[in-house]
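Where a number appears in this text, it was derived from the coordinates with a stated rule and is not lab data. Note that this is a predicted model, so its numbers are computed, not measured. Counting neighbours? That spans all protein chains shown, and the Cβs are built from the backbone with ideal geometry, glycine included.
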Amino acid sequence: MKMAIARKGRRLSPEHRDHLRISLIGHPVSASTRAKISHALHGHGLAPESRAKLSASLKERWCKDRERLSKSQSRVLSPEALARRSASVSAALMGHQVSEETRAKMSASKKGRPNPKISAATKGKPRPWVAESNRRRKGKPGKRASLETRAKLSASHKNNPAAARATARALSLHPNRLERRVLAAMIDAFPDDGWQFNPGVTVHGKIPDFIRSDGVRLAVDVHGDYWHRNDTPEMCQARQELFRSAGWDLVIIWEHEFNERPTLLKRRVMRALKTVNK
């Protein structure tokens, strides 16, 4: 005690400081001593030299920890170890609220990157929340053009045949499942008639789904129950009249008709062929 009182306020030499530091390396410090040191240093500003030394030591320790973590992650873990790690991470994050800013950053970082786990889990399984036609066609899935927009597109196709042909070619490259089924049925029923997807033929700005490759002016349209749910019988009749004014015969078959009565398409095509051949 007398020595401590006598040395109070006296600065130690650098050699003495290094000797004390080396001697205390690995020496356990009790909780009470830690509390005393913390209380004594509370509010005590560090000198720039001390700050630099502390920053260098922490940086060195961080680099070593990062290198050790990188080596541990490079090891191939067994499925059991991966399951344990996943369970521990899930337990640690359970109940943790993520801010909207963090959610936005995570979404932006993963945007456009396929998730192999989701792809493997949903491969070969039905996805009722995604319409079949949306997954087959390009553009804006799930969005249906209004009647006004459809009228504008029809008018632009009528005034610009090249654009109409380009649209027809694009649609023929991405037929949906219903269109492929209808074409397969027509080929089975009429194997020698040369039925095909429309390669780019337009009739007064309208684009039929199927035509014949032998030059016979007969076309077939298949109307999906969802995409054409707003089409009235008068609209279908007006479309057929428009084709007829250009020297074409148009057969229209609805999705529910094709599913419920598969032979109905064949009968309608045969009836139209009698008119065309006259």
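With labels modelled as points extended 7 Å from the Cα through the Cβ direction, what inter-label distance (nm, one decimal) is found for A31 paired with K111? Between A31 and K111, the label points sit 5.0 nm apart. Taken about its Cα centre, segment 201-278 carries a charge dipole of about 440 debye when Lys and Arg each add +1 at the Cβ and Asp and Glu each add -1 at the Cβ.
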